[in-house]
Amino acid sequence: MKRVGVFVCHCGLNIAGTVNIKEITDAASKTPDVVVAADHRYLCSEPGQALIKDNIKQHRLDAIVVAACSPAMHEITFRNIARAAGLNRYQSEIANIREQCSWVHDNIEKATEKAHVIIRQSIEKVKLNELLDPITVPVTRRALIVGGGIAGIRAALDVANSGHQVYLVEKTGSIGGRMAQLSETFPTLDCSICILGPLMVEAYRNPNIKILRLSEVEEVKGFIGNFKVKVRQAPVYVDETECNSCAECVKVCPAEVPNEFDSGLTWRKAIYIPFAQAVPPAYVLDAKSCLGLLPQACGECKKACDKLGMSCINLDAHPETHELEVGAIISATGYEMYDAARLTEYGYGIYPDVMTSLEFERMLSASGPTSGVIRRPSDGRIPKEVVFIQCAGQREPETALPYCSKVCCMYTARHAMLFRHKVPDGQAYVFYMDIRAGGKGYEEFVKRTQEEGGVLYLRGRVAKVHEENDKLVVKGVDTLSGKTVQIDADVVVLAVGMVPSQGSRELANTLKASVDENGFFAEAHPKLRPLESATAGIFLAGAGQAPKDIPETVAQASGAASKALNLLSSPTLEREPTVARIVNEFCSGCGICVPACPFEALSMNRERKIAEVAEALCEGCGTCVASCPSGALSLRNLTDTQIMAMIRAGRG
Amino acid sequence: MDLMPHLVVRYLQLGLEQVFDAKSYWLCATCFSCETQCPRGLDVSKVCEALRTIKLRNDLRDLKIEKPPPEMPQQGLVSAFRKLSPY
Amino acid sequence: MQSYLYFPGCSLRTVARDFEDSARASARALGLELKEMQGWLCCGAVFPNVADNVMTNAGPNRILARARAESDTLVTLCAGCHNVLKRANLQAKRNAIKQEQINEFNEERYEGGLGVLHFLEVLRDRVGFIAIREAAKTPLRGLPVGAYYGCLLLRPFEEMKLDDPHRPSVLEDLLFSIGCMPVDYPKRTECCGSFLGVGAPDAMALLSRNVVQAARSHGAKLLTVSCPLCKYNLEESQKQDPKASSSSGPLPVVYFTQLLGLALGVSPEDLRLSDTQLQTIRGGAKSTVESVSQT
């Protein structure tokens, strides 16, 4: 018979305020097989832990029940105490009398009675617990990072510089992401590509980083420390090691499509370089916009390249599937802009001079469609009156996005300031609801924009934009003065919201990670675990998790890298042993359990004609146990016998 | 317009009885432009109608028209009586 | 002959006979019949905006119940009636408690199952603008007309869902299909003043005049509407201020069904078009591309 010790925590007033601690401790001490019962104000504290350890030694306990908060909080703490005191870790059970009792009830009598029951049940369970050891599995000490923007690049560098190999998977032809599209960054007005470029090159040159461009994750199998990933790489028609960016192919290509890098403001050919500083530094052939490859309709690019004696272009290239084994995955898939055409009151898509903030960004950029000169898309004239509308299609739970994208107040201030620098006799107006400038130096930057920059900030929304006599008539209001405002603008810039990149939901499915109601990757805990998804081994970085600015993205990327490195720092990792077990004699070989398992941990042994559990893959969910008609399957330390004992204990 | 629509709502949020002194809510034609535009889906026309109704029920004032506009479709007269009466 | 159950409403039977007659005639020319429903009554002109007003729902519900006895679809012409009946129908679906109150009061119970359509929806979704274009024997070539939607056809958007509330296109699409050149102008979805003509005529005049001025300055030769009150307000506001109308006289206002009928070959008499209106249409319609650029 096991000698059980029960320890009841007051948890300050969290438990003691609703549950009569003395009563339940007394009752516990009178329960059969309980040798000692004690209480303490904070069992998780040093003295509290010492109390448990001392009692284990003094009373020669075989098992302990800790009546306290949720196992999600301190199961590991108390298991470690048990081990430190010489017991097997799995002889420690938590009776949750806080989240499942004191926190949800206010009637002291009834809560106390319920706490009795919970403790009795835990006692019955721990009496039948087996002594178990964690299952050790090897860790593949490599990481996979999905998304080659600043978040992915930063995380890749951090992991690679710690000596581990990294696969950096990028959907487009070059790494760099959105930051490569920006002109300057707030609040310092650093040139964006100038600070990003060196990091891109460093990633390219780092021997531990393998960049897979034009690639997407197709399938993920396995579990933390042991992922098997299939990455599909689109046909690479241009060899990145041979290509020297001479651009002869571009000259002869007949197919033209809108250039995504310039937000559709310019055109590119079917064979193109994503942008001048692209890494890998090679051209890309976009099969979708090419006149035809199967069968070959044109082939001029290859002819031009071959004529120079180069052989970079292979029009018969095939897609390739890379099968990678990694231990940790970081999702850094970033964002795109909300579709402004849905905001019909502003006339985006109808009036060419109504632009999104990203389009304006490209126009500001020296590498953009007008080499950094701001021009009206309709007639190319330099605009003198520019209206910026913040919160466009955001903070509108009834009509568009319900959330705030955090960075628009700052980039709009920057846009307005830069416009005033470039067009000193121009006037900029910003329609705002609030100014969110919480970062370091941000508030000062906005103040500078208003004072030095001479930008007029109007507090109110814009009702409608329509065209009249070649001007955009903007009708809004300034609630601070209580007056309606009409501005005849040359250009209107909409600060639209950030939404998760296309394909995020599908990727989340593939990774078995979850997304929130807005499609952003969901973190395990919003306050304390913002870098991990709820799925073990998958970490999150950047705007793919929630809208954020560059400093936060970089910080989060390094954080996610450090979490991944935690994982990769050891050649093995321990998995919980409370997994499924098959009693071979009872197994009839029916095979029902095999498809029932969501983690593919069960398989049929053809020779012995019985099922087998791959313990390393098992997550202990119990689905197979429920499916087994012969009762051959059970969960270690949660057997039917234990459950029946707990039910009986609950009936008093 | 003496009290703008958002101020009518603001005064109500702050419990300011002066809101009843405003003329603007009497001019609301219930065109619902406010409700279409409001990011939080507020219907100021409903608020205005409520204010009118409270005032009319308190004052028990009926709409009196000496000379109905000739040729006005009865739709207009019925709407006016329904909007500007205490019911 | 496809037949639709039809609700006229009071104004269409009295001061707005031109609307109803032209609608019936155009429908006939398209092979449709607008069959008047039995026992219709005034819809009440407004949908109650205060939550404790249940009485105003009695009339609309009687209409819905009586229409349901005859068909599962009811077509309206007047934007005001459409707004009331569509919203009353939605309320019947969404607010079971209020609906029960109304049903207890009325002699006939309405238990749902009726779809309320505006004639424009019939033209757009059931007939199709391509079919209309093919049926337009005498298209109104290049007539620069300003389509005026007003409020009640489109809003509240969540309940009406007829077209985009900021940039609707159903009237323009119809006008294109009959050969017109509809003019885009900023005030086409803003209020004409509605019932304010009764208590605050200056406010109504200001609103309507803004619409007329905007349409005129963007090149419209006439306005087309779907509501007798809008028509009255737009015409009345021009009468009150002779300075507002330009040298070419006031901007005529016609119902969209009159233009539709004319394009389908219905006679102007059957459409109850006045001489002035007809003159403007003929004069404007004769414009070719070069003449339009001269104006």
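The values are calculated or read from the model by the stated rules, or taken from the named source; none is laboratory data. Nothing here was measured: the structure is a model prediction, and the numbers come from that model. All Cβ positions, glycine included, derive from the backbone under ideal geometry; neighbour counts span all protein chains shown.
Out of (1) within 12 Å of chain B (Cβ to nearest Cβ); (2) on the phi > 0 side of the Ramachandran plot, the odd one out for A:Glu398 is which?
(2)
In the stretch C:1-81, which helices (runs of 4 or more DSSP H) lie fully inside it and hold 1 or more residues that are more than 10 Å from chain B (Cβ to nearest Cβ)?
On the way: elements: C:10-13, C:17-29, C:58-70.
Answer list for the stretch C:1-81: C:17-29, C:58-70.
Somewhere in the stretch C:115-131, is a residue assigned to a loop (DSSP other than H, G, I, E, B) and either surrounded by 18 or more Cβ atoms within 10 Å (Cβ to Cβ) or among the basic types (Lys, Arg) (or both)? Let's see the steps before the verdict.
First, pick out the residues of the stretch C:115-131 that are assigned to a loop (DSSP other than H, G, I, E, B): C:128.
Those left that are additionally either surrounded by 18 or more Cβ atoms within 10 Å (Cβ to Cβ) or among the basic types (Lys, Arg) (or both): none.
Within the stretch C:115-131, not a single residue is assigned to a loop (DSSP other than H, G, I, E, B) and either surrounded by 18 or more Cβ atoms within 10 Å (Cβ to Cβ) or among the basic types (Lys, Arg) (or both).
For the stretch C:170-189, which positions are touching a residue at least 40 places away in the same chain (Cβ under 8 Å) and within 14 Å of chain B (Cβ to nearest Cβ)? Before you say what the answer is, go through the steps one by one.
The first filter runs over the stretch C:170-189 and keeps only residues touching a residue at least 40 places away in the same chain (Cβ under 8 Å), leaving C:170-171, C:173-181, C:188-189.
Of everything in the stretch C:170-189, those that are touching a residue at least 40 places away in the same chain (Cβ under 8 Å) and within 14 Å of chain B (Cβ to nearest Cβ) turn out to be C:Arg188, C:Thr189.
Quickly run through the stretch A:33-72 and pick out the residues that are part of a helix (DSSP H, G or I) and in contact (Cβ under 8 Å) with a residue 24 or more places away in the chain.
Here is the first cut: in the stretch A:33-72, the ones part of a helix (DSSP H, G or I) are A:46-59, A:71-72.
Hits for the stretch A:33-72 are A:Gly48, A:Gln49, A:Leu51, A:Ile52, A:Lys53, A:Asn55, A:Ile56, A:Lys57, A:His59, A:Pro71.
Among the residues of the stretch B:53-69, count how many are more than 7 Å from every other protein chain (Cβ to nearest Cβ), out of contact with any Leu (no Cβ under 7 Å at 6 or more places or on another chain) and either on the phi < 0 side of the Ramachandran plot or of a type in the set (Val, Ile, Thr) (or both).
Total meeting the criteria: 11.
Identify the single condition in (1) among the hydroxyl-bearing types (Ser, Thr, Tyr); (2) farther than 23 Å from C:Asp163 by Cα; (3) in contact with a His (Cβ under 7 Å, 6 or more places away or on another chain) that C:Thr56 does not satisfy, given that it satisfies every other one.
(3)
Is it fair to say C:Asp164 is free of Cβ contacts under 8 Å to residues at least 24 places away in the same chain and under 27 Å from A:Ile350 (Cβ atoms)?
Yes; evaluated as a whole, the condition is true for this residue.
Quickly run through the stretch A:479-498 and pick out the residues that are small (Gly, Ala, Ser) and under 40 Å from the mean Cα position of the chain (by Cα). Don't jump to the end; show me each part of the working.
Here is the first cut: in the stretch A:479-498, the ones small (Gly, Ala, Ser) are A:481-482, A:489, A:495, A:497.
Scanning the stretch A:479-498 gives A:Ala489, A:Ala495, A:Gly497.
Would you please name the residue that is nearest to the other protein chains (Cβ to nearest Cβ), looking only at residues in the stretch B:70-83 that are part of a loop (DSSP other than H, G, I, E, B) and either in contact with a Ser or Thr (Cβ under 9 Å, 6 or more places away or on another chain) or buried (at least 20 other Cβ atoms within 10 Å of the Cβ) (or both)?
So in the stretch B:70-83, the residues part of a loop (DSSP other than H, G, I, E, B) come out as B:70-73.
Cutting the leftovers down to either in contact with a Ser or Thr (Cβ under 9 Å, 6 or more places away or on another chain) or buried (at least 20 other Cβ atoms within 10 Å of the Cβ) (or both) gives us B:72-73.
Values: B:Met72: 6, B:Pro73: 4 Å.
Restricting to residues being part of a loop (DSSP other than H, G, I, E, B) and either in contact with a Ser or Thr (Cβ under 9 Å, 6 or more places away or on another chain) or buried (at least 20 other Cβ atoms within 10 Å of the Cβ) (or both), the top hit is B:Pro73.
It is to be established whether one or more residues within the stretch A:369-379 are crowded, with 17+ Cβ neighbours inside 10 Å, farther than 23 Å from A:Ala463 by Cβ and within 31 Å of the chain's Cα centre (by Cα).
no
Kindly indicate the residue of the stretch A:525-544 that is in a strand (DSSP E or B) and under 19 Å from A:Ala151 (Cα atoms) and also nearest to the chain's Cα centre (by Cα) among those meeting that condition.
Filtering the stretch A:525-544 for residues that are in a strand (DSSP E or B) and under 19 Å from A:Ala151 (Cα atoms), the one nearest to the chain's Cα centre (by Cα) comes out as A:Leu540.
Which pairs have Cβ atoms under 8 Å, sit 6 or more apart or on different chains, and link a residue in the stretch A:270-288 that is of a type in the set (Asp, Glu) to one that is part of a loop (DSSP other than H, G, I, E, B)?
Every condition considered, the pairs that remain are A:Asp286/A:Ala270.
Could you tell me whether B:Thr36 is polar (S, T, N, Q) and within 23 Å of A:Thr479 (Cβ to Cβ)?
Numbers: polar (S, T, N, Q): yes; within 23 Å of A:Thr479 (Cβ to Cβ): yes.
Against the criterion (polar (S, T, N, Q) and within 23 Å of A:Thr479 (Cβ to Cβ)), B:Thr36 qualifies.
Check whether at least one residue in the stretch A:250-260 is surrounded by 18 or more Cβ atoms within 10 Å (Cβ to Cβ), in a helix (DSSP H, G or I) and not assigned by TED's automatic domain parsing to the domain that holds A:Pro352, and report yes or no.
Within the stretch A:250-260, none of the residues are surrounded by 18 or more Cβ atoms within 10 Å (Cβ to Cβ), in a helix (DSSP H, G or I) and not assigned by TED's automatic domain parsing to the domain that holds A:Pro352.
State all residues of the stretch C:159-169 that are closer than 16 Å to B:Cys34 by Cβ and either within 11 Å of the chain's Cα centre (by Cα) or at the interface with another protein chain (Cβ under 8 Å from one of its Cβ atoms) (or both); if no residue qualifies, say none. Let's see the steps before the verdict.
Applying the first criterion (closer than 16 Å to B:Cys34 by Cβ) to the stretch C:159-169 yields C:159-160, C:165-166.
Of everything in the stretch C:159-169, those that are closer than 16 Å to B:Cys34 by Cβ and either within 11 Å of the chain's Cα centre (by Cα) or at the interface with another protein chain (Cβ under 8 Å from one of its Cβ atoms) (or both) turn out to be C:Pro165, C:His166.
For the stretch C:140-187, how many residues meet the condition of being touching a strand residue (DSSP E or B) at 6+ places or on another chain (Cβ under 6 Å) and part of a loop (DSSP other than H, G, I, E, B)?
Residues meeting the conditions: 6.
Can you tell me which residue is nearest to A:Thr578 (Cα to Cα) among those in the stretch A:92-118 that are in a helix (DSSP H, G or I) and among the polar types (S, T, N, Q)? Steps first, answer last, please.
From the stretch A:92-118, those in a helix (DSSP H, G or I) are A:98-102, A:108-118; that's our starting set.
This time we only want the ones that are among the polar types (S, T, N, Q), so: A:100, A:102, A:112.
On the way: A:Gln100: 22, A:Ser102: 28, A:Thr112: 30 Å.
That would be A:Gln100.
State which residue is surrounded by the fewest Cβ atoms within 10 Å (Cβ to Cβ) when the search covers only the stretch A:493-524 and only residues that are assigned to a strand (DSSP E or B) and touching a residue at least 60 places away in the same chain (Cβ under 8 Å).
As a first pass, look at the stretch A:493-524 and keep what is assigned to a strand (DSSP E or B): A:493-496, A:498-500, A:515, A:521, A:523-524.
Next cut, touching a residue at least 60 places away in the same chain (Cβ under 8 Å) only: A:493-496, A:498-500, A:521.
Numbers: A:Val493: 28, A:Leu494: 30, A:Ala495: 27, A:Val496: 27, A:Met498: 26, A:Val499: 22, A:Pro500: 24, A:Phe521: 27.
Out of the qualifying residues, it is A:Val499.
So how many residues does the stretch A:396-422 have that are over 27 Å from B:Arg40 (Cβ atoms) and crowded, with 17+ Cβ neighbours inside 10 Å? Steps first, please.
If we filter the stretch A:396-422 for residues that are over 27 Å from B:Arg40 (Cβ atoms), which is where we start, we get A:414, A:417-422.
Checking which are crowded, with 17+ Cβ neighbours inside 10 Å leaves us with A:414, A:417-420.
Residues in the stretch A:396-422 being over 27 Å from B:Arg40 (Cβ atoms) and crowded, with 17+ Cβ neighbours inside 10 Å: 5 in total.
Please find, within the stretch C:191-201, the residue that is surrounded by the fewest Cβ atoms within 10 Å (Cβ to Cβ) out of those that are of a type outside the set (S, T, N, Q) and at the interface with another protein chain (Cβ under 7 Å from one of its Cβ atoms).
Of the residues in the stretch C:191-201, the ones of a type outside the set (S, T, N, Q) are C:191-193, C:195-201.
Then drop every residue that is not at the interface with another protein chain (Cβ under 7 Å from one of its Cβ atoms), which leaves C:191, C:193, C:195-200.
Numbers: C:Cys191: 24, C:Gly193: 31, C:Phe195: 26, C:Leu196: 27, C:Gly197: 28, C:Val198: 20, C:Gly199: 15, C:Ala200: 18.
Ranking the qualifying residues of the stretch C:191-201, first place goes to C:Gly199.
So if I check each of A:Val19, A:Val36, which one is in contact with a Ser or Thr (Cβ under 9 Å, 6 or more places away or on another chain) and either more than 22 Å from A:Leu87 (Cβ to Cβ) or modelled with pLDDT under 95 (or both)? Lay out the reasoning, then the answer.
Details: A:Val36 fails: either more than 22 Å from A:Leu87 (Cβ to Cβ) or modelled with pLDDT under 95 (or both).
On inspection, the qualifying residue turns out to be A:Val19.
Just name the residue that is farthest from the other protein chains (Cβ to nearest Cβ) out of those in the stretch B:17-51 that are acidic (Asp, Glu) and farther than 20 Å from C:Ala51 by Cα. Reasoning before the result, please.
Of the stretch B:17-51, the ones acidic (Asp, Glu) are B:17, B:21, B:35, B:43, B:49.
Retained after the next criterion (residues that are farther than 20 Å from C:Ala51 by Cα): B:17, B:21.
Values: B:Glu17: 19, B:Asp21: 16 Å.
Per the stated criteria, the residue is B:Glu17.
Which condition does C:Leu234 not pass, out of (1) in contact with a helix residue (DSSP H, G or I) (Cβ under 9 Å, 6 or more places away or on another chain); (2) assigned to a helix (DSSP H, G or I); (3) more than 11 Å from chain B (Cβ to nearest Cβ); (4) surrounded by fewer than 24 Cβ atoms within 10 Å (Cβ to Cβ), if it passes all the others?
Of everything listed in (1) in contact with a helix residue (DSSP H, G or I) (Cβ under 9 Å, 6 or more places away or on another chain); (2) assigned to a helix (DSSP H, G or I); (3) more than 11 Å from chain B (Cβ to nearest Cβ); (4) surrounded by fewer than 24 Cβ atoms within 10 Å (Cβ to Cβ), C:Leu234 misses just condition (4).
Please go through the stretch A:430-481 and pick out each residue that is aliphatic (A, V, I, L, M), away from chain C (no Cβ under 14 Å) and more than 19 Å from A:His415 (Cβ to Cβ).
From the stretch A:430-481, those aliphatic (A, V, I, L, M) are A:430, A:433, A:435, A:437, A:446, A:455-456, A:458, A:462-463, A:465, A:472-474, A:477, A:480; that's our starting set.
Now narrow it down to the ones that are away from chain C (no Cβ under 14 Å): A:430, A:433, A:435, A:437, A:446, A:455-456, A:458, A:477, A:480.
Listed by number, the residues that qualify are A:Val477, A:Leu480.
Would you check if there is a residue in the stretch B:36-51 being surrounded by fewer than 18 Cβ atoms within 10 Å (Cβ to Cβ), assigned to a helix (DSSP H, G or I) and among the acidic types (Asp, Glu)?
Scanning the stretch B:36-51, I find no residue that is surrounded by fewer than 18 Cβ atoms within 10 Å (Cβ to Cβ), assigned to a helix (DSSP H, G or I) and among the acidic types (Asp, Glu), so the answer is no.
This table checks each residue for (1) modelled with pLDDT under 95; (2) on the phi > 0 side of the Ramachandran plot; (3) in contact with a helix residue (DSSP H, G or I) (Cβ under 9 Å, 6 or more places away or on another chain).
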site	(1), (2), (3)
A:Ile550	no, no, yes
A:Ala557	no, no, yes
A:Ser562	no, no, yes
A:Glu600	yes, yes, yes
A:Arg608	yes, no, yes
A:Ala616	yes, no, no
A:Gly631	yes, yes, yes
A:Asp640	yes, no, yes
A:Gly652	yes, yes, yes
